[in-house]
Every structure is written in structure tokens, then in C-alpha cells.
Amino acid sequence: MDGNVEDFTETARSKQAQNMPEMTKVECRNIDVFYGEKQAIFDISLDIPDRAVTAFIGPSGCGKSTFLRCINRMNDTIESARVTGQIFMDGADINDHSIDPVLLRSRVGMVFQKPNPFPKSIYDNIAYGPRIHGLASGKQELDEVVESALRKAGLWEEVKDRLLAPGTGLSGGQQQRLCIARAIAVSPEVILMDEPCSALDPIATARIEELIDELRERYCIVIVTHSMQQAARVSQKTAFFHLGKLVEYGDTERIFTNPEDSRTQDYITGRFG
Amino acid sequence: MSEHIVTAFTDELEHLSANLLRMGGLAEAMINDSSRAVVTFDLELARQVIKRDEAIDELEAEAEKAIIRLIALRHPMAADLRAVLGAMKLAGDIERIGDLCKNIAKRCLELTGEENRAAVKSIERMSRSVSYQLQKALDAYLRQDVNAAIEVLELDDDIDDHYVSFFRETLTYMMEDPRQIGSNTHLMFMAKNLERIGDHATNIAKAVYYMVTGETATGDHIEARIKKEGSGR
């Protein structure tokens, strides 16, 4: 009986999911990026869906990381970088003068290639963001935020007995999950990941991928990856970049079984482009 | 399509496709020879055909190994993935064609040599259309030609019609002369086998269609494609 009820709700849920229109979280329009005189991104327009994982793939230097960094205005921090075009998050232009880039980055979290925990305790790594953004009042609430973030990042069970130990003492995979927990702790809406597994072994990678799959129920996730298998495993949408241009963007399944553009085909099948 | 950066990958895919074409060639010859054995009542040839099925089985096992290896070690994607999946289907279909030819040859050994000539001629005609269909399907595979694949799909109806009329024809012979029931039943099964071979050739064409277009070969897709190509075909 139980099984039937479960089957039923499962079917109902997946039906609902199918009927639900895809909600766009981030809308990019005609983005150009220049580093000094050199143009790195050429007129890219792309809609990133909410509650889904979007993968950016492409050869080194194709602009996928640069484009990713536009979404939380990380390129602002580079002196010579200039971004034109518009990016809307929930309809609001993130490059508008009224938008505080620091607040924007609390809504758009980021995880980097190399795990970069602060040289502080595990607890403080997570508590830092909520503290400076005033997201918790009092010690007890902060404890709850830290525990919840560590749980969501699948790290709680492994570190709950040593929250005051330095974050840098964890293994590489644990450090990366700590960084994801740190990003989650400020309740972002979008999480950007720039090759989050490239420094990890396959088991730690699998853990992160499992985590990404769980997180996509709550967040809009964008991941840059060099591993096409990883893009195929974790994402629902895939965008292929080449020489600063968006060549093809579509459902991951289609991109990996039947890409339209010959350059996408050549890249994902490992041929000369 | 251009070469893989890893040349061994290209080599393995090419080797696989050469292997399948060899299998296909053997199967085609088995269709022709099994029917020739029936028409000329050449029992020695029939025995040879039976023996030849082993070679096809061996090639199938080899192809299967190569396919598993490719999937496990090369992680084929996109057109490569479709090529490997298509190859798996082709290997299975060709192997079945070999079995069916072997069965025709075995039944040939049960004939008396005094069967109704008209019925035997019908087997020969049917065998010729089926062999042509397989040849076209393999050719479509070799050239990765989707239009040729569609033509093969269209041929299958003729073979089915042929089988139905042969069935009726044979029933008439059996009623005329009950002594012929035994051997005519064998002829009927041979025709059934040929009809099945036609289905396998159709499957091969469908696999080619999928490999080239990335779409399943259903009526809607094919019609849409024919419309799109328009006078190009």
C-alpha cells in the first residue's frame, strides 16, 4: 500500500514538474566584456532557469568563467575589465547604480576552483557571512544558521564534534563543502561554481555532485566545468562557449546526444574544432 | 567529420564499423546462397551456409566486446554515442539474419527436390528482394546516408506483401497435392524467415536514421524530414 501511495505522489510530483513553466532567474542580454582593449565576451544573451543546474562548458579561454563572474559582478574587482549589456535577476538590473555589489554577492554566492576557507574555525567560516550581513540575532540563532548550512552542505555529521577546529585542517573535499556551506549560510538565491571539483578526487567529486543535485531544489545553480561528464551528470541545461561567443545553449540531454552546431559536436566528442 | 584528438578513438570506431560491414557482407551472401541451395537443391551448399553462421556469431561477439570497451573507456558523446549505440543494434540484427539463413539452409536439407517449381521460384524472388534490402541498408550505414535509409524502410511493405501472397499460393499447392504438405511447410517457414530478415534490414535502416539525425525513425519524423528536404531527395 505504502509503495503505491508513494508511487502516486511521485508521479503527481513529476507531472507537476513537467507542467510547471521554466522560471527564468537570471536574464542576460547582449553581454560584452573587455579586458582593456581585448574583447573577451561577444554579445551573449542567455536565460538561466531557477531551481536547476546550468553548466557552462568550453575550451580554456573561451570566456565561460568571465561570463560567470558577470553574474555577481566579480569583474568589477578587476581594474581593466569593462562589462556592457544588461543582466536582470528577477527582473532587476544588477548593474543598476542603486544595487550594492556587496549585497548582490550575498544573493549570488560563489564557490571557486580551489577550496579557500578562511584561516578560522569551521564555525567562524560559516558564521562570518551571516554576522556581517546581520542575518542572525544572538548566539543561538547563529548556531542554528551554522548547523543548517553545514547540514545542507552534507558536512554536519563529519564536523559537528570539532566546530572550533580550523577549517583549513579539513580534507580538500570537506573544505570545498565547507565553502559551499559558507555560500549557503547567507541564504543566496543563485550559487555560482567555478570548476568546484577540479582539485578533488573522484569520491569527493561525487559527494559535491550529489550535493549540487540536492541544492538545485532550492537554488539557481550555475557551474563552470572542464569535465563534460560532470556537466552531463549534474546539469539540466548546458551552454557551450567558444572564443568568447555562446555557440549553443539547450537541454543537457540534447546537447550531449544530438548537438545542433558542428563546433559543439566537435568539442564534446573530442575532435579538432 | 574531422578526426578525434585521440586517434585511437577514431581507429576503434572505424574498426568497429568495418567489422559490422564484414558481418553484413557475410549475412548478405548467406541469404543469396541459402536460396540458391533451395533453388538448385544443392545440399552441399546448404551445409556450407549452416557452417558459416559460426563466423557471424564470432564477429558479433567481437563487436560486442569492442562496444563495451568503447563505452567504458572512451565515454562516447553525441554523434559518437549514437554511432556506438547504432552499432550495438546492427550487430544484433545481423546476427539474427545469420540465424535465419542458417534455418533456411537446415530446412533445405529436409526438402525432396521435387517441390513445386513455382513455389521455389517465389522463394528465390523473395530472397532477392530481401538481399537487395539488406544491401541497401548496409550501404546506407557505410555512407551514413539518411535518404538511403528511408528508401530501405519503404521497401519493407513490398516484402510483406510478397510473403502474404506466397502464403496463399503455398496453401493452394498443399490442397492440390497433400503429399507436398511436408516440404511446402518448410518452404512456408523459409518465406517467413525471409520476411523476418526484411524486418531486421528495416531495423538496420532505422538505426542508421537515428545515428545520422539523432531522431527516432518514426513516421512523423520521417515525413517531416522528407518535407524539409523537399526536391533535394
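Out of all the residues in the stretch B:167-177, is one or more of a type in the set (S, T, Y), in a helix (DSSP H, G or I) and either closer than 28 Å to B:G214 by Cβ or open to solvent by 60 Å² or more (accessible area, probe 1.4 Å) (or both)?
Looking for residues that are of a type in the set (S, T, Y), in a helix (DSSP H, G or I) and either closer than 28 Å to B:G214 by Cβ or open to solvent by 60 Å² or more (accessible area, probe 1.4 Å) (or both), one finds at least one in the stretch B:167-177, hence yes.
Which of the residues spanning the stretch B:45-84 are within 14 Å of another protein chain (Cβ to nearest Cβ), crowded, with 19+ Cβ neighbours inside 10 Å and of a type in the set (V, I, T)?
B:V84
Residue-by-condition table, conditions (1) surrounded by fewer than 20 Cβ atoms within 10 Å (Cβ to Cβ); (2) closer than 18 Å to A:C197 by Cβ; (3) over 16 Å from the mean Cα position of the chain (by Cα):
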position: A:Q229; (1), (2), (3): yes, yes, yes
position: A:F241; (1), (2), (3): no, no, yes
position: A:R263; (1), (2), (3): yes, no, yes
position: A:D266; (1), (2), (3): no, no, yes
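Could you identify the single residue in B:I94, B:I159 that is open to solvent by less than 10 Å² (accessible area, probe 1.4 Å), modelled with pLDDT under 95, out of contact with any strand residue (DSSP E or B) (no Cβ under 7 Å at 6 or more places or on another chain) and away from chain A (no Cβ under 14 Å)?
The conditions single out B:I159.
Of the residues that make up the stretch B:193-203, is at least one open to solvent by 30 Å² or more (accessible area, probe 1.4 Å) and over 30 Å from B:N116 (Cα atoms)?
Yes: one or more hits.
What tally of residues in the stretch B:97-126 results from selecting those that are open to solvent by 20 Å² or more (accessible area, probe 1.4 Å) and not in a helix (DSSP H, G or I)?
Residues in the stretch B:97-126 being open to solvent by 20 Å² or more (accessible area, probe 1.4 Å) and not in a helix (DSSP H, G or I): 6 in total.
Among B:Y132, B:Y163, B:Y210, which is assigned to a helix (DSSP H, G or I), out of contact with any Ser or Thr (no Cβ under 8 Å at 6 or more places or on another chain) and under 22 Å from B:G86 (Cα atoms)?
B:Y132
Run down B:D80, B:D11, B:D93, B:D57 and say which single residue is assigned to a helix (DSSP H, G or I) and free of Cβ contacts under 8 Å to residues at least 24 places away in the same chain.
B:D11
Kindly indicate which of A:A136, A:A81 is over 17 Å from A:D194 (Cα atoms) and at pLDDT below 90.
A:A136
For the stretch A:53-89, how many residues meet the condition of being open to solvent by 10 Å² or more (accessible area, probe 1.4 Å), farther than 15 Å from A:C28 by Cα and among the aliphatic types (A, V, I, L, M)?
3
Exactly one of (1) part of a helix (DSSP H, G or I); (2) at positive phi is unmet by B:F41. Its number?
The single condition B:F41 does not satisfy is (1).
Within the stretch A:101-120, can one find any residue that is open to solvent by less than 40 Å² (accessible area, probe 1.4 Å) and of a type in the set (F, W, Y)?
No, there is no match, as no residue in the stretch A:101-120 is open to solvent by less than 40 Å² (accessible area, probe 1.4 Å) and of a type in the set (F, W, Y).
Using beta carbons and a limit of 8 Å, which pairs, at least six apart or on different chains, have the first residue in the stretch A:123-140 and in contact (Cβ under 8 Å) with a residue 12 or more places away in the chain and the second one of a type in the set (D, E, K, R) and surrounded by 11 or more Cβ atoms within 10 Å (Cβ to Cβ)?
Taking only residues 6 or more apart or on different chains, the pairs are A:N125/A:R182; A:I126/A:R182; A:Y128/A:K120; A:Y128/A:R182; A:G129/A:R182.
Name the residues in the stretch B:13-23 that are surrounded by fewer than 18 Cβ atoms within 10 Å (Cβ to Cβ) and within 12 Å of the chain's Cα centre (by Cα), would you?
B:L21
For the stretch A:158-273, please list each of the strands (runs of 3 or more DSSP E) lying entirely inside it that holds at least 2 residues being without any contact (Cβ under 8 Å) to a residue 24 or more places away in the chain and either within 14 Å of chain B (Cβ to nearest Cβ) or more than 24 Å from B:E215 (Cβ to Cβ) (or both).
A:245-251
Do we have A:V146 as touching a Phe, Trp or Tyr at 6+ places or on another chain (Cβ under 7 Å) and either open to solvent by less than 10 Å² (accessible area, probe 1.4 Å) or on the phi > 0 side of the Ramachandran plot (or both) here?
Considered against the rule, which asks whether it is touching a Phe, Trp or Tyr at 6+ places or on another chain (Cβ under 7 Å) and either open to solvent by less than 10 Å² (accessible area, probe 1.4 Å) or on the phi > 0 side of the Ramachandran plot (or both), A:V146 comes out as yes.
B:N147 - would you say it is open to solvent by less than 40 Å² (accessible area, probe 1.4 Å), away from chain A (no Cβ under 14 Å) and under 19 Å from A:N258 (Cα atoms)?
Here the answer is yes, as B:N147 does meet what is asked.
Any residue in the stretch B:24-33 that is within 14 Å of chain A (Cβ to nearest Cβ) and surrounded by 19 or more Cβ atoms within 10 Å (Cβ to Cβ)?
Taking every residue of the stretch B:24-33 in turn, none turns out to be within 14 Å of chain A (Cβ to nearest Cβ) and surrounded by 19 or more Cβ atoms within 10 Å (Cβ to Cβ).
Would it be correct to say that B:D220 is part of a helix (DSSP H, G or I), farther than 19 Å from B:K102 by Cα, touching a helix residue (DSSP H, G or I) at 6+ places or on another chain (Cβ under 7 Å) and open to solvent by 50 Å² or more (accessible area, probe 1.4 Å)?
no
The values are calculated or read from the model by the stated rules, or taken from the named source; none is laboratory data. Keep in mind that this is a model prediction, so the values were computed, not measured. A quick note on method: Cβ atoms are made from the backbone with ideal geometry, for glycine too, and the neighbour counts reach across all protein chains shown. With ligands, DNA and RNA removed, areas are computed over all heavy atoms of the protein, side chains included. Shrake-Rupley method; radii C 1.70, N 1.55, O 1.52, S 1.80 Å.
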